Structures are given as structure tokens and as C-alpha cells.
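I have placed the structure first, in the form of C-alpha cells, so that the comments after it can refer back to it.
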Amino acid sequence: MSNPSVVIAGTGIHPFGRFDGTSVTDLGVAAVTDALAAAGNPSFQAAFCGTAYAGVAAGHKVLGALGLTGTPIVDIEAGCASGGAALMLAAGAIRAGQYDCALVFGIEKMPKGIIRSSFFEPWREEAGLASTPAYFALRAQRLMRESGVTKDHLAEVVVKNRRHGVHNPDAMFRKEVTAEEVLASRVVCEPLHLWMLCSPNEGAAAVVLRAATSGTPGGVTLAAAALRSHLPGSVLNEGTPLAGIADDDDIPAPTTLAARAAYEEAGLGPDDIDVVECQDTDAARELLSYEELGLVPPGDAGKWIAEGATAVGGRLPVNPSGGLLSKGEPLGASALGQVVELSTQLRGEAGPRQVDGARVALGHTVGRGANASVVLLRR
Amino acid sequence: MDGKVAPVREGLFSADHLLGARCAACERHHFPRSWRCPYCGSDAVSEAALSGQGTLWAWTAVTAAPPGYRGPVPFGFGVVELPEGVRVITRLTEPDPTKLTFGMPVHLVVDELHADDDGNSVVSYAFSPSS
């Protein structure tokens, strides 16, 4: 008997935004309750909770509030990919026959302002070497130099994602912007302007996974959930080293490693993908993701955004939810928020932001660690 | 004020050099010095002063004080490539990105981050355009 495939039995989301007076536990309860209800309130044998800032036993608090403790509850920190890591572990356990049904959720209430992370040693902070947007800016500059990406292309990413976000009731920013407005917002770290950077915020998302042994009809299948870390050597990888080696051209990025693993796991390739949700922490990160995921040939990302190929209605729509640039980024919830969006897309229930006929979807997150996750879904 | 000069961390730099190390197994240099090579894991590493001259490989300016930083803004920030085949994250003395170009020669300087509560000058390494 072959291993069972894994289906998405239900999804739930608490909108992403700022919710003063609502605890991170409450955010999680809302998403988990919705996902379980959508799945028909099944009994689950394990729960996996992704979060970076919610603290000790964060998942236990959410399920404790619902009287649903007793099963294993595993809290997982993998930076921006925490939800992807949780999904990988749950899916692997189901495929191995350990569980028939698992609950996966991600919760976050990010601190306001520039995020202080225990990742950096105190001396590195004191020396001014702990500015996260500055690292994004250096990588953006490298992409511009090596791939012919321009500032106008970066602005176009923001315009596209904010236009998509207008139609997403769970997004934080739901107003269209123009390229002129993006380029008129203040420079945070050249070449990145304020509106090219996503806002850390709050939210939760949840997914119920089940083994598909009993012939679940018409469902969305989780075809792959891969997580990878960085290989040593490249100075601008998301592991944020203090130095690297000069001959780093042949070192694959964590995103590339995760994508290759996911394509192999699912028996799919970049040409099979109909819709993408990818990490757009900053506008350049989205374009870099196109190339690292193998979706566009190296050097073509700028051309694709300029031609509208990645807008809804284009050749390969990316971030129909509005992306993190519209939704904001609650670290632990962002990867599962993508799964919620992509499941909605594959069920054909995305309304004005629907990608017509979408059958195969890719979700991608990458961040501190480094951690990169790539999730593939199919209808 | 007693006017002492204190490095932000011991063992990172001297007046003219970054203090890195070379691995005898994979022959790569790394920075800062570690007891094992971060690229191959070998413990056959020995201290090596890295060249104080390099070329600019990437740059930006930090316009808002990052967490834990008490010095002035804006300040230059970037990556310098050293002849040993090492790319190093560093402060840059030039805070105006338009005055910097890819591949321009730069050299190491020691510059003040801020004065601490005892009046000591806390210093770190930075790179400056060589004219």
C-alpha cells in the first residue's frame, strides 16, 4: 500500500492587520475555529503551530482556549517560513501513517517598529549591523546590477500587489497606489522606498490536513511541502552572515533548494504552475523569487513585471492575495495565509481576484535562519 | 571623561586589518575568526590578518537607527570584497549612496560608533573610499 496523499480539508484565517486589545491567542482561536468548522470539525491527532514571537507554549494556549488539548502540540519557529515548516512536519506524519488528521496553524503579533531579533549578537547591534531593511537593500542592488531590474520595476511590483489587495478582505492595505506615489515615499535604504517594504503586523491562519484514503471528493491536495536552510558561503543569503566567499555564483539560494525539493516531491515543474503566492517582504524580493523558484529565466524578472505577466489576468499571476505588501507580514501566519489563499484559488472561490482555471499553485516564504519553504497544491 | 577607546568587540580588527582566519583544509578565509571553518567544518584554522584594502561590492545607507545602535544616522552600509576572496558586511564612512560606485577601491578605517556611559569612545571597523 502506497503512502496516502494529503488533502486540505479546511482552511481558516484571521485578517492580517493591527488589532490592539486582541491577544495572539484570540487571533489563533479565530483561525483555528474557522478551519475546523470548514473541515466538518474532525478530531485531529496532532497540532503544529508556527510562530516566531508568540512565546512559550503559544499553540497550547490557542487549543487550551478551545478545550482541544491532549494531543501532541508542537510549536515551531522557522522565521518567515514557520508555517511552512509546520505544514511539512504535519504532512510528513500523515504520509507516514502516524496520523489521519492534523491541525496546522500559524499565529503572530509582531512588535511595532523595526523588529529587534535575538538573532543578532549585542555587539553587532551596537555596531549598526542589525538593520534588516539594509540587508534587503544590498540584495536588491545586486539584483538590479545582475538582472537589469530597475527602480521602476520595483515600484511596479508594489502597484500590482496593492491592486490585487483591493479585492482581499483579509488584507491590511486595500487601496491602489501609483508608481509615482511609491517612488515619492521616503527612501528607507536606497534603492528601497518605504512603500516597497511590507509592514510587520498581526494575524493567524489555519489548515486542517487529512489523509485522502477514503476518497475525499473534489478537494485540494497538498502535493509538496518542502523546507530548506541556507548553504554556507554567500554573504547576502538569508542566514545573514557577517562575511562570505567571493566565488558564490554556484551556491543555490535556500529558496532554490526548497523549490527543487518541492518540485521533485510533487513530480511537478515550474511550467505546471498556474498561480503563485511568493515572499514579497520587499519589492525586490518578489522579483528575486521569480528567478530563484525557476519561474522565469535568470535576468527576465524585470521584463515579466513590466509586461504585466505576473498580474491577475497575466501569464503567471503572482500574489493575487495582494502579497505581504498588501496583507502585512505576521511571520508565523504568513506561509499558511498563502495556503488559505491558494486553496481558495484552486476551489475557484476567489471572486474578483480569481485566477481563471487554476489547477496547480505554489506558495513560497523565505527569511531569517535562513529558512525557505515551498508548498505545492493541486486540484 | 577618561577618554579611553574601546572596540565594540575584542578580536575583530586592528588599526589596519580585519582579524579573520584561514582554513588549511579548504584554503578559504573567513571573518570573524572562528575555531572551526564555517564553510567546511575543519578545525585546521589559523588566524590571518585580512587585507585592509578592498573593493566596494554593494552599498546602501541606513537612515533610521537600527535596534541597539546609538550612533548617528544616516550611515553607510555595504559589502567590501577583499583580495583573500572574502566579502565582508561593513559600515561605510560615506553615507551618500550616490557618491559610491561598484568596484571602487576602499580601505579600512577605525571610526567611532558613540561614546558610552563612562565617556569611552566605542569604535568599530568601517571602510572608506580611497582617493
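The numbers here are math on the coordinates, done by the rules we state, and not lab data. Since this is a predicted model, take the numbers as computed values, not measurements. We place every Cβ from the backbone using ideal geometry, glycine too, and count neighbours over all the protein chains shown.
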For the range B:97-131, the count of residues that are among the polar types (S, T, N, Q) and under 18 Å from the mean Cα position of the chain (by Cα) equals 4
I'd like to verify a number: residues in the range B:92-124 that are facing another protein chain (nearest Cβ under 7 Å), closer than 13 Å to residue B:57 by Cα and either in contact with a His (Cβ under 7 Å, 6 or more places away or on another chain) or surrounded by 15 or more Cβ atoms within 10 Å (Cβ to Cβ) (or both), how many?
1
Residue A:115 under 18 Å from residue A:373 (Cα atoms), within 23 Å of the chain's Cα centre (by Cα) and not in a helix (DSSP H, G or I):
no
Residues satisfying the stated conditions in the range A:71-104, i.e. in contact with a helix residue (DSSP H, G or I) (Cβ under 9 Å, 6 or more places away or on another chain) and in a loop (DSSP other than H, G, I, E, B)
A:71, A:77, A:79, A:81, A:98, A:99, A:100
Can you confirm whether the range B:48-59 contains a residue that is facing chain A (nearest Cβ under 7 Å) and either in a loop (DSSP other than H, G, I, E, B) or under 12 Å from the mean Cα position of the chain (by Cα) (or both)?
no
Candidate set: the range A:219-244, residues that are surrounded by fewer than 21 Cβ atoms within 10 Å (Cβ to Cβ) and touching a residue at least 60 places away in the same chain (Cβ under 8 Å); chosen: the one farthest from the other protein chains (Cβ to nearest Cβ)
A:219
Qualifying residues in the range A:171-213 (those that are away from chain B (no Cβ under 14 Å) and among the acidic types (Asp, Glu)) - the one surrounded by the fewest Cβ atoms within 10 Å (Cβ to Cβ)
A:180
So for the range A:79-95 (the condition being crowded, with 21+ Cβ neighbours inside 10 Å and either among the hydroxyl-bearing types (Ser, Thr, Tyr) or within 14 Å of chain B (Cβ to nearest Cβ) (or both)), does at least one residue qualify?
yes
Condition met for residue B:52 (closer than 21 Å to residue A:145 by Cβ and out of contact with any Gly (no Cβ under 7 Å at 6 or more places or on another chain))
no
Which of (1) assigned to a loop (DSSP other than H, G, I, E, B); (2) surrounded by 19 or more Cβ atoms within 10 Å (Cβ to Cβ); (3) within 14 Å of chain B (Cβ to nearest Cβ) is the odd one out, the single condition residue A:247 does not satisfy?
(2)
Checking residue A:260 against (1) within 14 Å of another protein chain (Cβ to nearest Cβ); (2) within 20 Å of the chain's Cα centre (by Cα); (3) basic (Lys, Arg), which single condition isn't satisfied?
(1)
Filtered residues of the range A:103-148 (kept if in contact with a Gly (Cβ under 7 Å, 6 or more places away or on another chain), within 25 Å of residue A:195 (Cα to Cα) and more than 10 Å from chain B (Cβ to nearest Cβ))
A:107, A:108, A:147, A:148
Looking at (1) crowded, with 22+ Cβ neighbours inside 10 Å; (2) assigned to a strand (DSSP E or B); (3) of a type outside the set (Val, Ile, Thr), find the lone condition where residue A:28 falls short.
(2)
